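Peer 1: First the structure, which I've put down as structure tokens, then a few questions once you've had a look.
The values are calculated or read from the model by the stated rules, or taken from the named source; none is laboratory data. Here the structure is a predicted model, which means the values were calculated and not measured. Neighbour counts run over all protein chains shown; Cβ positions are idealised from the backbone, glycine included. Areas reflect the complete protein model, heavy atoms only, side chains present, ligands, DNA and RNA absent. Shrake-Rupley method; radii C 1.70, N 1.55, O 1.52, S 1.80 Å.
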Amino acid sequence: MSDGPRFDVAVVGAGPAGASAAILLARAGWSVALIERQRFPRRKVCGECIAASNLALLDALGVGPEVERLAGVELRRVALLRGTERVVAALPAADAPGRRWGRALGREQLDTLLAQQAALAGATLFQPCALQAIEGSPGRFLLRLRPDGEAAAETTIEAPLVVAAHGSWEPLPAERGERREQRRPSDLFAFKANFRASAIEPDLLPVLSFAGGYGGMVVAEDGIATVAGCIREDRLGRDREARPGERAGDVFEAILRRECAGVAEALAGAEREGPWLAVGPIRPGVRLGQGDGIFRIGNAAGEAHPIVGEGISMAIQSAFVLAAVLEPERPWLLDARSAAQAQAAHLAEYEARWRRHFAGRLRIAAAFAHLAMRPAASAVAWPLVRAWPGLLTHGARWSGKTRFVPEAAGLVAPGSGGARPPRVALGG
Ligand SMILES: Cc1cc2nc3c(=O)[nH]c(=O)nc-3n(C[C@H](O)[C@H](O)[C@H](O)COP(=O)(O)OP(=O)(O)OC[C@H]3O[C@@H](n4cnc5c(N)ncnc54)[C@H](O)[C@@H]3O)c2cc1C
């Protein structure tokens, strides 16, 4: 037996997925440990667009009014920028009164609001505190945690059920060796920087297409622009060789300015705030079915190419799906005598729902990403987009921008006039 504290569930990672799950489960009466490695607020590589389909969910999670107050203006149009060309189309509206258009908000704000809300809902926040190892199996997991700070001693907590919400760019300790062996030239590296005084139209979401990569720009809170994107490692490597001594982020910015005229125009009079952030390699794909008895949500479950900016949606919506699967069966899932069998059955049920709701979004995102990154493919697609800009509107709809998972649909019933009182969605 460990002599550390015991919880019903340990949630690893307090990004949008983990914090949302912690809020939903804590409100439903579970004792929740929420473990987050980093101190908040913190900047994070992300395009920072919150699709319209999330806004009613953020209301339900208790952070909607603050998001509404802080975020940039409604995003009503999308543009595709490639070389010197630009095509503009309408973004599709979500079927949620008062919450029809997406907004942009820095992750330093969004993630902090959600983590605070989790603590208000009753979750115990271990932060900054990194998960070092997980031992055990469903019914009795032991999690070794290392609090930040040299003097801090390692602690162990115990929980019958574990939810992994640690994202996909920082592997859990057990996954690190495997990741190192898998490096390939087509790996994507992701970058993000903020700019003041850009000339991006505030209601516009420009998507960038260039050889070996893609990106996006948006105006978020206080008029600050976020520029983010991904680039293949081999492409970035070639450009870095041509610009010896320059930092990778600066080389990425130079590529964007050179290969998308719209970026050069938008940033002509702008001033960068802070350095470029970088993460990678990122590997879009599904990460379910690992056979370790752990429930995965958000990027830890599966990652869409960020060209569609749907990662925050999938993070929050997968937390709703998980809460709907777990909550009605709490006694069986947590009781040591039934936990192994009950968790295996519910893990299978949860993963099946996840695939049903999100696997299609990953495929669409992958198709768009490969079109955007490959000059030959984008040269073929470009005349079609120019002739029918509405394809961009459909593309945004196909990628999930307006879609709610059924588990959350009750929260955003048409005609409700906007926010509903917070509650846990149990349907589906
Ligand atoms: C270039 C780029 C642009 C993007 N643009 C958008 C966009 O515009 N809109 C959108 O919706 N999505 C976008 N995304 C995707 C989005 O950023 C992710 O899908 C989203 O952050 C996933 O949320 P999450 O909660 O699953 O994981 P994360 O947000 O990654 O959170 C995971 C958390 O777990 C913590 N953690 C990790 N390991 C440990 C550990 N061992 N112990 C404790 N804590 C740990 C981390 O510190 C982190 O806070 C973009 C991604 C990229 C790369």
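Peer 1: Here are A89, A118: which of them is under 30 Å from R386 (Cβ atoms), of a type in the set (A, V, I, L, M, F, W, C) and crowded, with 18+ Cβ neighbours inside 10 Å?
Peer 2: When all the criteria are applied, what remains is A89.
Peer 1: Between a first residue in the stretch 364-389 that is hydroxyl-bearing (S, T, Y) and a second residue that is assigned to a helix (DSSP H, G or I) and open to solvent by less than 30 Å² (accessible area, probe 1.4 Å), which pairs have beta carbons less than 7 Å apart while being 6 or more apart in sequence or on different chains?
Peer 2: So the pair list comes out as S378/A372.
Peer 1: Now for a different question. May I ask you to say which residue of L205, L236 is within 11 Å of the ligand (Cβ to nearest atom) and open to solvent by less than 30 Å² (accessible area, probe 1.4 Å)?
Peer 2: Only one candidate qualifies: L205.
Peer 1: Tell me which residues, restricted to the stretch 282-325, are near the ligand (Cβ under 10 Å from one of its atoms), more than 20 Å from G136 (Cβ to Cβ) and part of a strand (DSSP E or B).
Peer 2: Listed by number, the residues that qualify are I282, G302, E303.
Peer 1: Spot the failing condition for C260; the list is (1) within 29 Å of Q317 (Cβ to Cβ); (2) open to solvent by less than 10 Å² (accessible area, probe 1.4 Å), and only one is missed.
Peer 2: It fails just one condition, (1).
Peer 1: Checking the structure you have, find out if any residue of the stretch 139-156 is over 19 Å from I23 (Cβ atoms), within 11 Å of the ligand (Cβ to nearest atom), outside any loop (DSSP other than H, G, I, E, B) and of a type in the set (A, V, I, L, M, F, W, C).
Peer 2: yes
Peer 1: What single numbered condition from (1) open to solvent by 30 Å² or more (accessible area, probe 1.4 Å); (2) more than 14 Å from the ligand (Cβ to nearest atom) fails to hold for L125?
Peer 2: Unmet for L125, out of (1) open to solvent by 30 Å² or more (accessible area, probe 1.4 Å); (2) more than 14 Å from the ligand (Cβ to nearest atom): (2).
Peer 1: Here are the criteria: (1) buried (at least 20 other Cβ atoms within 10 Å of the Cβ); (2) of a type in the set (A, V, I, L, M, F, W, C); (3) touching a Gly at 6+ places or on another chain (Cβ under 6 Å). Tell me which single one L161 does not satisfy.
Peer 2: (3)
Peer 1: Name, by its number, the condition in (1) within 16 Å of the ligand (Cβ to nearest atom); (2) modelled with pLDDT of 95 or more that does not hold for E221.
Peer 2: Checking E221 against (1) within 16 Å of the ligand (Cβ to nearest atom); (2) modelled with pLDDT of 95 or more, the one that fails is (2).
Condition check ((1) surrounded by fewer than 19 Cβ atoms within 10 Å (Cβ to Cβ); (2) touching a helix residue (DSSP H, G or I) at 6+ places or on another chain (Cβ under 8 Å); (3) not basic (K, R)) across all residues:
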| residue | (1), (2), (3) |
| --- | --- |
| V279 | yes, no, yes |
| R283 | yes, no, no |
| Q290 | yes, no, yes |
| E310 | no, yes, yes |
| A315 | no, yes, yes |
| V325 | no, yes, yes |
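Peer 1: Scan the stretch 346-383 residue by residue and report those that are open to solvent by 20 Å² or more (accessible area, probe 1.4 Å) and either of a type in the set (V, I, T) or closer than 11 Å to L80 by Cβ (or both).
Peer 2: Once the filter is applied, which keeps residues that are open to solvent by 20 Å² or more (accessible area, probe 1.4 Å) and either of a type in the set (V, I, T) or closer than 11 Å to L80 by Cβ (or both), the stretch 346-383 yields I364, F368, L371, V380, A381.
Peer 1: Identify the single condition in (1) under 30 Å from D8 (Cα atoms); (2) open to solvent by 60 Å² or more (accessible area, probe 1.4 Å); (3) in a helix (DSSP H, G or I) that R337 does not satisfy, given that it satisfies every other one.
Peer 2: (3)
Peer 1: Looking at L326, L256, which one is within 19 Å of G18 (Cβ to Cβ), among the aliphatic types (A, V, I, L, M) and modelled with pLDDT of 95 or more? Spell out the reasoning first.
Peer 2: On the way: L256 fails: within 19 Å of G18 (Cβ to Cβ).
Every option except L326 fails the conditions.
Peer 1: Based on this model, can you work out whether G216 counts as part of a strand (DSSP E or B) and modelled with pLDDT under 95?
Peer 2: Judged against the criteria, G216 is not a match.
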